[in-house]
Amino acid sequence: MFGMIRNSLFGNSEETEYKVLSTETKNGVSFEVRRYDAAKYAAVYSEGRTYEQVIGELVRKLLTYIGGNNEQGEAMGIAFPIIITVYPRNDGVFSRRLAVGIRIPNAYQQDPPAPTDSTIRVEERPGMTVYALQFGGFAGESEYRAEAARLTRALGETTPFQRKQYFCCSYDPPLKPYGRRNEVWLLQEDP
């Protein structure tokens, strides 16, 4: 298993491509408005456990899949970021429901290897426009919640975005000690 995780983290890597539609600053908070195209993702889902209880397990499942634990035994490399979909309660605390996804690398988009773990789904996700706020350091639930609240306040009540879910993104291997890149994405709704 370590070899598969090593292959996924330290093998070929790419960043998910996007188009910056605008760079804005509102209420002292700088963020980008980005457009991501539709793509295939490997995803795992959890209900009933907290973010901190389950996040490591879910990420490991995906890293072993892209690292070669699939029907073809193909080590695909990784397409950053790792995207965690969270569903906050009214008080901002994450509910006990989340999804973790990693975009299938470009070379495998047309025909991704089938997972051998039945909890992993390969799914087509639609294109999306997001408000993206970048921040550094090690990020857990409290850091993602704080940054999502900061971006939500900056956007205000009239900006059309999805308030029932958002995305927590990590671009770095877990052992990278500094220069880390994390983001919170709020999904733009059609006005």
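Peptides 143-151, 112-120, 157-165, ordered by how many other C-beta atoms sit within 10 Å of their residues on average, highest first, read 143-151, 112-120, 157-165. Among residues other than PRO105 with Cβ under 14 Å from its Cβ, the summed charge is -3 (Lys and Arg +1, Asp and Glu -1). Expressed as a rounded percentage, what relative contact order does the chain have, with Cα pairs under 8 Å and six or more residues apart? Result for the chain is 26 percent.
For the chain, the share of accessible area belonging to carbon and sulfur comes to 48 percent (1.4 Å probe, ligands and nucleic acids excluded).
Averaged per residue, what accessible area in Å² does the stretch 66-144 show with a 1.4 Å probe, protein chains only?
Using a 1.4 Å probe on heavy atoms only, each residue of the stretch 66-144 averages 44 Å².
Taking a temperature of 10 °C and a viscosity of 1.306 mPa s, what whole-number D in µm²/s does Stokes-Einstein yield for the stretch 1-188 with Rh from Kirkwood over alpha carbon pairs? It comes out at roughly 94 µm²/s.
In a simple Cβ point-charge model (Lys, Arg +1; Asp, Glu -1; nothing else charged), the chain has a dipole of about 420 debye relative to its Cα centre.
The values are calculated or read from the model by the stated rules, or taken from the named source; none is laboratory data. Everything numeric in this text was worked out from a predicted model, so none of it was measured. Quick reminder, even Gly has a Cβ in these numbers, built from the backbone with ideal geometry, and neighbours come from all protein chains shown. Surface accessibility is based on the protein's heavy atoms, side chains included, excluding ligands, DNA and RNA. Shrake-Rupley method; radii C 1.70, N 1.55, O 1.52, S 1.80 Å.
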